[in-house]
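The values are calculated or read from the model by the stated rules, or taken from the named source; none is laboratory data. All figures in this text were calculated on a predicted structure; none of them were measured in a lab. In this analysis, Cβ positions are derived from the backbone assuming ideal geometry, glycine residues included, and neighbour counts consider all displayed protein chains. With ligands, DNA and RNA removed, areas are computed over all heavy atoms of the protein, side chains included. Shrake-Rupley method; radii C 1.70, N 1.55, O 1.52, S 1.80 Å.
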Amino acid sequence: MSTTTISLPRIARHNPLAAIGVVLVAVFVVCAVFAPWLAPHDPAQITLPDRLESPSAQHWCGTDELGRDICSRLIYGARISMLVGSSVVSLSLGLGLIIGSIAGYYGGRIDRFVNVVIMNAFLSFPGILLAIAFVAFRGPGIFNLILALSLGGWVGYARLVRAQVLATREREFVEAARALGSTDLRVIVRHILPNIIQPVIVQAAIGMAGAILAEATMSFLGLGVPPPTASWGAMLNDARAHLFDAPHLVLFPAGTVMLAVLSFNFIGDALRDCWIRGPASKLASKSKHP
């Protein structure tokens, strides 16, 4: 059994967009972790005399309709986006690995039931509508938001894992492990998953961007974390009424969401290109020249 490791620093050195994405992700993670020390003001402090102020030395990104510092709220909003995004991707990826591995490894009736019935049932409804219905039923909150976004997010990972397991389960090292008496669980965990994890990582990086955008969408619709917790989507929702008289209320949160989504897309695209040029091309050449 052999695996090829994708080195993110090496990819960043050869791909400027990937380097930008890594730097931006690092900035967002630092803001999320050290928000109490980085934020210049209390994000929930209401100062009505300072409402709708333009960017200045005291308030770098201006203030909102309640006089709250936008820069501080953007920094604290990174906590919600990073937490929800990473939790949704982790939960969806875990479910996708389990369900996709079982369906791809055993095949037959199990595969047909999982692929045709369960996956197609979830794919028949848009994921955002499932999330809206779930949160509307359960109520807003960060835990319900994570569950709602994971409800339909696991299907893409499961289909990818299923396809990779189907292609890997008949290879020589898997047959050798079975011949030596390895259990099905050991074959899947020790021999199959390490050899299919790279395209899954690519999918997870791109999925992180989708999860952040979905969280912002849910918060914009009022189905995210309840106020006064700072959230980029909620900030955009509050800024709609001041689009023309105070455009900075929209520009800064929208720009932050855009940078967060772009950063993970840059990293995902770079990882995908590396995978296509690396292990995938080697497998293709081996299949052409056995």
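The table that follows gives values for the structure above.
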{"quantity": "Whichever residue in the stretch 68-120 is in a helix (DSSP H, G or I) and among the basic types (Lys, Arg) and, among such residues, is nearest to residue 211 (Cα to Cα)", "calculated": "79"}
{"quantity": "Residue 85 being open to solvent by less than 10 Å² (accessible area, probe 1.4 Å) and in contact with a His (Cβ under 7 Å, 6 or more places away or on another chain)", "calculated": "no"}
{"quantity": "Residue 175 of a type in the set (Asp, Glu), outside any helix (DSSP H, G or I) and open to solvent by 60 Å² or more (accessible area, probe 1.4 Å)", "calculated": "no"}
{"quantity": "Every residue from the stretch 214-255 that is part of a helix (DSSP H, G or I), buried (at least 24 other Cβ atoms within 10 Å of the Cβ) and among the polar types (S, T, N, Q)", "calculated": "219"}
{"quantity": "The listed residue being modelled with pLDDT under 90, over 30 Å from residue 53 (Cα atoms) and not aromatic (Phe, Trp, Tyr), out of 102, 118", "calculated": "118"}
